[in-house]
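Trainee: Structure incoming, see below.
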Amino acid sequence: MVAMPKRVKTFEVIFSDASKAFYCSGDKVAGRIVVEVAEVTRVSAMRVLGVGCAKVEYAKGKQKCREENEYLRYEEVVQLVDQPADHDGSVVLRPGNKYEYMFGFELPQQGQIVSSYKGKFGYVQYFVKALMERPAQPALECKKHFEVEEPLDVNTPDLLSPTGGMKEKKVTCMFIPDGQVSLNAKIDRKGFCEGEDICICAKFENTCSRIVVPKAAIISKHTYQANGRTKVFRQKLSSVRGNHIISGMCDAWQGKTIRVPKIKPSMLGCNIIRVEYALMIYMHIPGSEKLILELPLVIGTAGLGSRTNSVSSTDGSVSNASASWVSLRMPSAPPSYCDVTRDCRLDQPLTPLLNDYDGDDSPIFMHPSAFQFPPLPAYSEVDEEFNGNTRMLQVC
């Protein structure tokens, strides 16, 4: 905050629409500069500047990397309405009065401006600055920031098309082959908005001797460019996990969902700062590097994304799940378990099987081999076990 001299009581920028949260390309930024003085003050000129710039700055060893891009530069000398001015254009401000200088300018058109941004190594900011020039005295200044959010429509043919891929990895133990793991996944589209659910269809196979865990996460990737160098900052935003998969088994996700959290839209039009997102589907393998598949995402501005697509895809997965339940041959009357009299409580504590070092997930536990469950009553078995959105199948 700029310290005002005693002779100036008020010097501030006020926008016409105080409730406006952000501006878009082509919008008009209008407002007034309010001035109140405690002593007679001569103002030679009042200048208004509209400024928008992107800036990247970080240290690479002993070298300082710095780069700037300008997206808005507006300057105007504004006059008081119905206020007499001298021959040189100066005016005299007197105590007890409130003076208002009006201003207004348009933002550049779409494609010539980028959204506001504040990150770890750079920012994009916009502000209006007022300069009060006084004879034989330093100029006073005040400024006020405003947000710009460029619309990004995800309802384009490219972003509405499905995307997917597959990955596999051979696992070794002390250079001895130990089977392999593989995953095959797809999503129904690439464009989403905040609050929408991403529907994942995937299959995971495990033929190694270890227990693996399938997971998915939304990842942000912030890229900063300065002095011909590039710095990348990655962050996990939200994640989901599936059931652990033992050796010789596979797991299938049929419409497992992960919700897009409250995040800034993708920023793809800036030359020195780029914000991208991806859906990372991976398998955690104890004692080995993860098997990772990344599917690109584009996060659009709120209100432009088609929530109908998300809802319809969710409805489709629910209907598929219902159909799977109907197709199962379930017995008409389950047998009674009242005859089971053996105490099934565990006499020993749970034994940790492995720790998942990826994030804050809890360890996976197994029962001691000495414990044996009592035989169950006669019950007709089914070939497929359905559990929510996942299916555990034996690897063929």
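Trainee: Which one is farthest from Leu152 (Cα to Cα), of the residues in segment 265-280 that are aliphatic (A, V, I, L, M) and part of a strand (DSSP E or B)?
Mentor: Going through the qualifying residues, I end up with Met280.
Trainee: Please give the number of the condition Gly26 fails out of (1) surrounded by 14 or more Cβ atoms within 10 Å (Cβ to Cβ); (2) over 22 Å from Met132 (Cβ atoms); (3) among the small types (Gly, Ala, Ser).
Mentor: (1)
Trainee: Quick one: which strands (runs of 3 or more DSSP E) sit completely within segment 176-264 and have at least 3 residues that are buried (at least 18 other Cβ atoms within 10 Å of the Cβ), in contact with an Asp or Glu (Cβ under 7 Å, 6 or more places away or on another chain) and assigned by TED's automatic domain parsing to the domain that holds Glu289?
Mentor: Because the criterion is at least 3 residues that are buried (at least 18 other Cβ atoms within 10 Å of the Cβ), in contact with an Asp or Glu (Cβ under 7 Å, 6 or more places away or on another chain) and assigned by TED's automatic domain parsing to the domain that holds Glu289, the strands (runs of 3 or more DSSP E) in segment 176-264 that meet it are 213-226.
Trainee: Continuing with the same structure: Determine which member of the set Glu141, Glu149 is touching a strand residue (DSSP E or B) at 6+ places or on another chain (Cβ under 8 Å), within 30 Å of Arg189 (Cα to Cα) and among the acidic types (Asp, Glu).
Mentor: One residue alone meets the criteria, Glu149.
Trainee: Could we say that Pro157 is assigned to a loop (DSSP other than H, G, I, E, B), out of contact with any helix residue (DSSP H, G or I) (no Cβ under 8 Å at 6 or more places or on another chain) and either of a type in the set (Phe, Trp, Tyr) or free of Cβ contacts under 8 Å to residues at least 60 places away in the same chain (or both) here?
Mentor: Yes: the conditions hold for Pro157.
Trainee: Further question on the same structure: What's the number of the condition Gly165 fails, among (1) part of a loop (DSSP other than H, G, I, E, B); (2) out of contact with any Ser or Thr (no Cβ under 6 Å at 6 or more places or on another chain); (3) of a type outside the set (Phe, Trp, Tyr)?
Mentor: All conditions pass for Gly165, except number (1).
Trainee: Here are Val40, Val77: which of them is of a type in the set (A, V, I, L, M, F, W, C) and either modelled with pLDDT of 95 or more or over 19 Å from Cys142 (Cα atoms) (or both)?
Mentor: Going through Val40, Val77 in turn, just one is of a type in the set (A, V, I, L, M, F, W, C) and either modelled with pLDDT of 95 or more or over 19 Å from Cys142 (Cα atoms) (or both): Val40.
Trainee: Another question about this same structure. Does segment 300-318 contain any residue that is assigned by TED's automatic domain parsing to the domain that holds Asp188 and modelled with pLDDT of 90 or more?
Mentor: yes
Trainee: A further question on this structure: Anything in segment 225-241 that is among the basic types (Lys, Arg) and closer than 11 Å to Ile258 by Cα? List them, or say none.
Mentor: Arg241
The values are calculated or read from the model by the stated rules, or taken from the named source; none is laboratory data. The shown structure was predicted, so the numbers you read here are calculated from the model rather than taken from an experiment. Quick reminder, even Gly has a Cβ in these numbers, built from the backbone with ideal geometry, and neighbours come from all protein chains shown.
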